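Colleague: Sharing a structure with you now.
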Amino acid sequence: MDALRRRTSAWHLAATLAALGGLVLAAVVVPNARATSDPQPAATPICQVTDQINQWAGGFTSTITVTNNGPAVASWTVTWTFGGNQHVTSGWSAQVTQTGTAVTATNEPYNGAIPTGGSTSFGFQATYAGTNDVPVDFAVNGQPCNDRTPPTTTTTTPPAGSGCAASTAIRCDGFEDQTGPAPSGRWSTVTPNCAGAGTAAITTATAHTGTHSLQVTGADGYCNHVFVDDTTDPPAASPTWFVRFWLKHTTPLPTGHVTFLAMNDGAAGDTDLRLGGQNGALMWNRQSDDATLPDQSPAGVAQSVPLPVNAWTCVEFSVSGTDGQIHTWVNGSAVPGLTEDGVPTSNIDDQWLGRAWRPKLTDLKLGWESYGGGGPDGLWFDDVALGTSRIGCG
């Protein structure tokens, strides 16, 4: 049984919003960031806020970051007003509520006290229609933040993608050649532990491109693990595997550990390298020693991102058998918490670099594992590509 089954939630982002008196922006430069900046030359602003988004048609996730340059505080409340029809559906590391267009985020019991110089983030997922403008009236504990002049907003939405039609990958599969509900050809259905309620089948009910996709009904518990497995293609990409796939699912990533992609590592006793989630955000897990990327500390989880629900999301990664590096992109943007670049980074790869690791990946499995407490999920996979260089979402 995985040790992660016994883990209690670490999904408490550390160092949370800072509050009154001289809050200074913790700037994070990312491709999909919306920044609200204060141009005042003569004085340090009370607070500045970075609103980092991951946006798709009809929805987005947002990570709000603030740094406290003033006196220590015991609690915080952040408020803002949406300019359109945005509607918050869930949040993390804060109690996020909405009345009309007004939104309030209040610290959790564990993250209210922030020392001088402390900084943190909280986040939420929301829907929208039309435009998705940046709020300009952020305030912390009633104190206004930022210049009230609307900032210039740059939001990059990934292209809809052309599936496998224009892919330069050595193998790209949109499941269009599947003729029945049971996966066939390169794909075979496997139940790693014992067959239960989990199922995997080809469907024409929804697809990223074309008419077919792989549908997985994921159930909770040890006996319900189910995957479709390709053992033919992965060896051709050695020693560095680049993978791109499109994924849609119905349920936010839970606190418990779940996996939706796994690859057998022949260099680690035929155990799996897993991509899934825990504490509400994406996570890599090495079955051989249970190491995670990022660390499941609050500060580590904050460096990852949630997986949007009810929308097709482009997930890319590379794994090097030469130096053990891992790089991960979601909708075209690199995810710091899912990156192992050979440079030790606190709260991200402390566990991962605990031993030398040079993987030899021999298969690619798509499906669902929930290790107790992770709950069920409904998932669809499409346009799965494997290559020796980055493939991209186009």
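Colleague: Looking at the stretch 130-152, is at least one residue assigned by the TED database to the domain that holds residue 54, in contact with a strand residue (DSSP E or B) (Cβ under 9 Å, 6 or more places away or on another chain), at pLDDT below 85 and closer than 30 Å to residue 315 by Cα?
Modeller: Looking through the stretch 130-152, at least one residue is assigned by the TED database to the domain that holds residue 54, in contact with a strand residue (DSSP E or B) (Cβ under 9 Å, 6 or more places away or on another chain), at pLDDT below 85 and closer than 30 Å to residue 315 by Cα.
Colleague: With the requirement that a residue be over 19 Å from residue 359 (Cα atoms), assigned to a strand (DSSP E or B) and touching an Asp or Glu at 6+ places or on another chain (Cβ under 6 Å), what does the stretch 230-269 give you?
Modeller: Answer for the stretch 230-269, where residues must be over 19 Å from residue 359 (Cα atoms), assigned to a strand (DSSP E or B) and touching an Asp or Glu at 6+ places or on another chain (Cβ under 6 Å): 246, 249.
Colleague: Run down 62, 75, 90 and say which single residue is assigned to a strand (DSSP E or B) and surrounded by fewer than 18 Cβ atoms within 10 Å (Cβ to Cβ).
Modeller: 90
Colleague: Can you find even one residue in the stretch 95-107 that is under 23 Å from residue 305 (Cα atoms), modelled with pLDDT under 85, surrounded by 19 or more Cβ atoms within 10 Å (Cβ to Cβ) and within 22 Å of the chain's Cα centre (by Cα)?
Modeller: As a first pass, look at the stretch 95-107 and keep what is under 23 Å from residue 305 (Cα atoms): 95-98, 103-107.
Then drop every residue that is not modelled with pLDDT under 85, which leaves none.
The answer is no; no qualifying residue exists.
Colleague: Taking residue 130 as meeting all but one of (1) in contact with a Gly (Cβ under 7 Å, 6 or more places away or on another chain); (2) closer than 21 Å to residue 305 by Cα, write down the number of the exception.
Modeller: Of everything listed in (1) in contact with a Gly (Cβ under 7 Å, 6 or more places away or on another chain); (2) closer than 21 Å to residue 305 by Cα, residue 130 misses just condition (2).
Colleague: In the stretch 289-333, which residues are free of Cβ contacts under 8 Å to residues at least 40 places away in the same chain, in a loop (DSSP other than H, G, I, E, B) and at negative phi?
Modeller: Answer for the stretch 289-333, where residues must be free of Cβ contacts under 8 Å to residues at least 40 places away in the same chain, in a loop (DSSP other than H, G, I, E, B) and at negative phi: 304, 323, 325.
Colleague: Still on this structure, I have one more. When you go through 138, 82, 122 one by one, which is the residue that is among the aromatic types (Phe, Trp, Tyr), under 23 Å from residue 281 (Cα atoms) and touching a Ser or Thr at 6+ places or on another chain (Cβ under 8 Å)?
Modeller: Criteria check complete, one pass: 122.
Colleague: Of the residues 267, 237, 262, which is in contact with a Gly (Cβ under 8 Å, 6 or more places away or on another chain) and closer than 17 Å to residue 200 by Cβ? Spell out how you get there, then give the answer.
Modeller: On the way: 267 fails: closer than 17 Å to residue 200 by Cβ; 237 fails: closer than 17 Å to residue 200 by Cβ.
Checking each option against the conditions leaves just 262.
Colleague: Considering 104, 116, 79, which residue is free of Cβ contacts under 8 Å to residues at least 40 places away in the same chain and closer than 25 Å to residue 301 by Cα? Please lay out each step first, then the result.
Modeller: Details: 116 fails: free of Cβ contacts under 8 Å to residues at least 40 places away in the same chain; 79 fails: free of Cβ contacts under 8 Å to residues at least 40 places away in the same chain.
Criteria check complete, one pass: 104.
Colleague: Among the residues of the stretch 78-87 satisfying the criterion of being out of contact with any Asp or Glu (no Cβ under 9 Å at 6 or more places or on another chain) and assigned to a strand (DSSP E or B), which is surrounded by the most Cβ atoms within 10 Å (Cβ to Cβ)?
Modeller: 78
Colleague: Pairs needed: first member in the stretch 369-394, in the same structural domain as residue 204 (by the TED database) and over 13 Å from residue 241 (Cβ atoms); second member anywhere, in a strand (DSSP E or B) and basic (Lys, Arg); C-beta distance under 6 Å; at least 6 residues apart or different chains.
Modeller: Here the result reads 380/248, each pair linking the stretch 369-394 to a residue that is in a strand (DSSP E or B) and basic (Lys, Arg).
Colleague: Just checking, which of 392, 372 is surrounded by fewer than 19 Cβ atoms within 10 Å (Cβ to Cβ), assigned to a loop (DSSP other than H, G, I, E, B) and at pLDDT below 95? Working first, answer last.
Modeller: On the way: 392 fails: surrounded by fewer than 19 Cβ atoms within 10 Å (Cβ to Cβ).
Selected residue: 372, the only one of 392, 372 that is surrounded by fewer than 19 Cβ atoms within 10 Å (Cβ to Cβ), assigned to a loop (DSSP other than H, G, I, E, B) and at pLDDT below 95.
Colleague: Okay, moving on. Take the conditions out of contact with any strand residue (DSSP E or B) (no Cβ under 8 Å at 6 or more places or on another chain), farther than 27 Å from residue 372 by Cβ and not in a strand (DSSP E or B) and apply them to residue 165. Does it pass?
Modeller: Taking the combined requirement at face value, the residue satisfies it.
Colleague: Next up: If you take the residues in the stretch 198-222 that are without any contact (Cβ under 8 Å) to a residue 40 or more places away in the chain and under 26 Å from the mean Cα position of the chain (by Cα), which one is nearest to residue 385 (Cα to Cα)?
Modeller: The selected residue is 202.
Colleague: Further, regarding this structure: Restricting attention to the stretch 242-300, which residues are surrounded by fewer than 23 Cβ atoms within 10 Å (Cβ to Cβ) and among the polar types (S, T, N, Q)?
Modeller: Selection gives 250, 251, 255, 264, 271, 287, 288, 297.
Colleague: If you go through the stretch 113-127 one residue at a time, how many are in a loop (DSSP other than H, G, I, E, B) and closer than 21 Å to residue 50 by Cβ?
Modeller: Looking only at that region, the number is 4.
Colleague: Looking at the stretch 308-326, which of its residues are under 15 Å from residue 245 (Cα atoms) and crowded, with 18+ Cβ neighbours inside 10 Å?
Modeller: 308, 312, 313, 314, 315, 316, 317, 318, 319
Colleague: Hey, another quick one. So which residues in the stretch 55-74 are farther than 19 Å from residue 307 by Cβ and either out of contact with any Ser or Thr (no Cβ under 8 Å at 6 or more places or on another chain) or without any contact (Cβ under 8 Å) to a residue 24 or more places away in the chain (or both), if there are any at all?
Modeller: 73, 74
The values are calculated or read from the model by the stated rules, or taken from the named source; none is laboratory data. If you're wondering where the values come from, they're calculated on a predicted model, not measured in any experiment. So basically every Cβ, Gly included, is an ideal-geometry build from the backbone, and we count neighbours across all protein chains shown.
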